[in-house]
Amino acid sequence: MDNNPVLKLGEKEVTFPVMTGSEGEKAVDARKFRQESGYIFYDQGYGNTGSCESSITFLDGDKGILRYRGYPIEQLANYSDYVETAYLIIYGELPNAKQRYEFGCRLRENAAIGTQMQRIFYSFPESAPPMVMLASIVSSLASYYPHLATNNFEKDLENFDLAAAVAISKIRTIVAIIYRYRNGFPFIHPKELPYADNFLYMMFSEQYETFQPIPEVIRALNLLLLLHADHEQNCSTSTVRMVASSGANLFTSITAGACALSGPLHGGANVAVMQMLQTIHAEGDDGTRFIEAAKVGSKSTRLMGFGHAIYRNFDPRAKIIGKACDEMLTRLGKSDPLLDIAKNLEQTALNDDYFVSRRLYPNVDFYSGIIMRALGFPTDMFTVMFAVGRCPGWIANWREVASNTKGRIYRPRQVYIGPTKRDYISLDQR
Ligand code: CMC
């Protein structure tokens, strides 16, 4: 107790218990602070607030460390694939051969979208934004699978394996159908194929017989999804946890995650990066205009794909994906002028005092668009691809909330700055 931090508020002293995470991270336990002092902590954006204990992902933004369940992202990117990593994130351990086989079977068995559910797609205008369609259609899963979505944690956890497989497998099929629908193409139903192969088959191939997955392309898609699979308490994952804390089922909670992901400062950044690179290319510019505009300090002119709320030296995912972009384009014998523009932009920004002094480096979105473009995904599908990748993280976080019998509903406080008490004025007096 002697070393516990003490806060003096006037005459009152409040002593905080300290918590230490498995990586030595320290927190002061402020759960009883308001009760004992009458104060709250003001922490807009929750940047200094630990909202939960979690054993899924460890992130050290200063050192550029990212680990899923203890495994460094670099090792998973080298040796694992998306489905195996999804299993690891959700269940906590790498699967043995039997577990991997059974998980794969569950994903394949739950890939298809039934005829009734397919009708939902037709109710959207063909110009509907993909993330809007995705969130609505994922939300409808709770109605097609009511026995997996009872809003009773005990029951929902009993059926968790199936619900998780439905979510991971169907979100990919939904994305493929969104693409086909918006482009006026007929829907393609899933086949008995591995996850990433099936994804590309449903998106781009008319004929199963002529579908020939290119190993480099499959590997790149696996890598892209794997690198997005979880990222600690980011905006969408915290949203999933917040909704789950009310007792909501898995499908409803991940729908909220998809909504949170759609904003340009989170999952929508990959689209903004691509638009920026395309504009630079079309204008024949070297990117100076964007760099200069970004330095003004306005949110709307930020250099997209740069900076991160947590990483302050480098984003390990950006390193992996930047290298993978180069390798994949070389192996496929392709080149992309946007990759050259991105590299130039990166170099210029990294030598500019504005970015250096604020410790702004490329994040995962800076290069992910170039990989998706090379895989054939149009820009407006980038954010839904991020959602497919992030699904295991959302699921694992939902499970932690649902399994915590001592968990409380998320209910932050506020500092009220509105009018103090005043009396009602009737309409004729206003
Ligand atoms: N371009 C120009 N200036 C920037 C940028 C940027 N991309 N990012 C931050 N800054 C400035 C910011 O204006 C502030 O300047 P000042 O100190 O003069 O007020 C300073 O850098 C510190 O920024 P911050 O407020 O600490 O940044 P944040 O932690 O609030 O925001 C961020 C993090 C990712 C929202 C922000 O860096 C950003 O908007 N980046 C562009 C969008 C983007 O690429 N998002 C994808 C994030 S990675 C994918 C994901 O996990 O969702």
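The values are calculated or read from the model by the stated rules, or taken from the named source; none is laboratory data. Keep in mind that what you see is a predicted model, and the values were worked out from it rather than measured. No Cβ is skipped: glycine too gets one built from the backbone with ideal geometry, and neighbour counts run over all protein chains shown. Accessible surface areas use protein heavy atoms only, side chains included; no ligands, DNA or RNA. Shrake-Rupley method; radii C 1.70, N 1.55, O 1.52, S 1.80 Å.
Structure notes:
- Only listed residue being open to solvent by less than 50 Å² (accessible area, probe 1.4 Å) and more than 20 Å from Leu162 (Cα to Cα), chosen from Ser80, Ser140: Ser80
- Pro146, sole failed condition from (1) open to solvent by 70 Å² or more (accessible area, probe 1.4 Å); (2) more than 24 Å from the chain's Cα centre (by Cα); (3) in contact (Cβ under 8 Å) with a residue 40 or more places away in the chain: (3)
- Some residue of region 273-290 being over 17 Å from Ser357 (Cα atoms), among the small types (Gly, Ala, Ser), part of a loop (DSSP other than H, G, I, E, B) and within 14 Å of the ligand (Cβ to nearest atom): yes
For every residue, the table says whether it meets (1) among the hydrophobic types (A, V, I, L, M, F, W, C); (2) open to solvent by 70 Å² or more (accessible area, probe 1.4 Å); (3) within 16 Å of the ligand (Cβ to nearest atom).
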| site | (1), (2), (3) |
| --- | --- |
| Glu327 | no, yes, no |
| Thr330 | no, yes, no |
| Ser335 | no, yes, no |
| Leu339 | yes, no, no |
| Ala342 | yes, no, yes |
| Glu346 | no, no, yes |
| Phe355 | yes, no, yes |
| Leu360 | yes, no, yes |
| Val364 | yes, no, yes |
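- Thr20 fulfils the conditions (1) over 24 Å from Asp62 (Cα atoms); (2) open to solvent by 60 Å² or more (accessible area, probe 1.4 Å); (3) out of contact with any Asp or Glu (no Cβ under 7 Å at 6 or more places or on another chain) except for a single criterion, (1).
- Whenever a residue of region 214-232 is without any contact (Cβ under 8 Å) to a residue 60 or more places away in the chain, its partners that are of a type in the set (A, V, I, L, M, F, W, C), lying with C-beta atoms within less than 6 angstrom and at least six residues away or across chains, give the pairs Ile218/Ala196.
- If you go through region 167-197 and keep only what is of a type in the set (Phe, Trp, Tyr) and in contact (Cβ under 8 Å) with a residue 24 or more places away in the chain, you end up with Tyr179, Tyr181, Phe187, Tyr195.
- Any chance Lys98 is under 29 Å from Ala229 (Cα atoms), open to solvent by 100 Å² or more (accessible area, probe 1.4 Å) and basic (Lys, Arg): yes
- Lone unmet requirement of (1) more than 24 Å from Tyr145 (Cβ to Cβ); (2) more than 20 Å from the chain's Cα centre (by Cα); (3) assigned to a helix (DSSP H, G or I); (4) not aromatic (Phe, Trp, Tyr) for Ala77: (2)
- Neighbours by Cβ (under 8 Å, 6+ apart or cross-chain): first from region 362-380, among the β-branched types (Val, Ile, Thr); second part of a loop (DSSP other than H, G, I, E, B) and within 15 Å of the ligand (Cβ to nearest atom): Val364/His228; Val364/Asp315
- Sole exception among (1) more than 12 Å from the ligand (Cβ to nearest atom); (2) without any contact (Cβ under 8 Å) to a residue 24 or more places away in the chain for Thr252, by number: (2)
- Verdict on Ser236 being away from the ligand (no atom under 16 Å from the Cβ) and either under 30 Å from Tyr144 (Cα atoms) or open to solvent by 10 Å² or more (accessible area, probe 1.4 Å) (or both): no
- Where helices (runs of 4 or more DSSP H) fall entirely within region 113-206, those with at least 3 residues that are of a type outside the set (D, E, K, R) are at 115-122, 130-144, 160-182, 195-204.
- Considering region 291-325, the residues that are in contact with a Lys or Arg (Cβ under 7 Å, 6 or more places away or on another chain) and within 12 Å of the ligand (Cβ to nearest atom) include one that is modelled with the lowest pLDDT, namely Arg312.
- Any hit, region 270-283, residues being closer than 15 Å to Gly393 by Cα and open to solvent by less than 40 Å² (accessible area, probe 1.4 Å): no
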